[in-house]
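**Q** What follows is a single structure, and I will ask about it in a moment.
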Amino acid sequence: MIIVNAKIESTADNIAAMKDAIGTMQDASRAEEGCYDYTFSVELHDPNVLRITEKWESMDHLKVHFATPHMAEFQKAMAAHPPKSSDVNFFEATETSIG
């Protein structure tokens, strides 16, 4: 399983301007084969920080995701509202339970 954790520092205005692009990206990504979760969120105590959390079956599924039309459209929206910074991390993980 591949976990993606991204932190995008922007402005509340830029995040609001991207609301439709974010919704489209989230919905289309969740419909992709191999996607278990794809969620955008804004930090409660800092409305200038957008978080993206993803869970994928495999790196192959994630690579297909990177080549989708909705990813290209989302990248255009990001370019129109450039973030101050972004930090994206990819983790290979095994799900486990506590107890």
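Throughout, read-outs are computed from the coordinates displayed, never taken from laboratory work. Since this is a predicted model, take the numbers as computed values, not measurements. No Cβ is skipped: glycine too gets one built from the backbone with ideal geometry, and neighbour counts run over all protein chains shown.
**Q** Please tell me the relative contact order of the chain in percent, rounded to the nearest whole number, where contacts are Cα pairs under 8 Å and at least six residues apart.
**A** Relative contact order comes out at 46 percent.
**Q** Between beta-carbons, use under 13 Å as the cut-off and find the net charge around ILE15, counting Lys and Arg +1, Asp and Glu -1.
**A** Residues close to ILE15 contribute a combined charge of -1.
**Q** Same structure, new question: Using θ = phi - 60° and the Karplus form 6.51 cos²θ - 1.76 cosθ + 1.60, what ³J(HN,Hα) does each residue of the stretch 86-99 get, whole Hz, x for Gly and Pro?
**A** Once rounded to whole Hz, the list reads 8, 9, 10, 10, 10, 10, 8, 9, 10, 6, 9, 10, 9, x.
**Q** Give a residue-ordered list of calculated ³J(HN,Hα) values for the stretch 46-52 (Karplus: 6.51 cos²θ - 1.76 cosθ + 1.60, θ = phi - 60°; whole Hz; x for Gly, Pro).
**A** 8, x, 9, 10, 9, 10, 10
**Q** A follow-up question, please. Could you grab the Rg to Rh ratio for the chain? Cα atoms only, Kirkwood for Rh.
**A** Reported Rg/Rh (Cα atoms, Kirkwood Rh): 0.98.
**Q** Once you charge only the Cβ atoms, +1 for Lys and Arg and -1 for Asp and Glu, what is the size of the charge dipole of the chain about its Cα centre, to the nearest 20 debye?
**A** It comes to approximately 240 debye.
**Q** Please say if the stretch 27-84 is rounded, prolate or oblate, where rounded means a/c under 1.5 for a ≥ b ≥ c the square roots of the C-alpha gyration tensor eigenvalues, and otherwise the choice is prolate for a/b larger than b/c and oblate otherwise?
**A** The shape class here is oblate.
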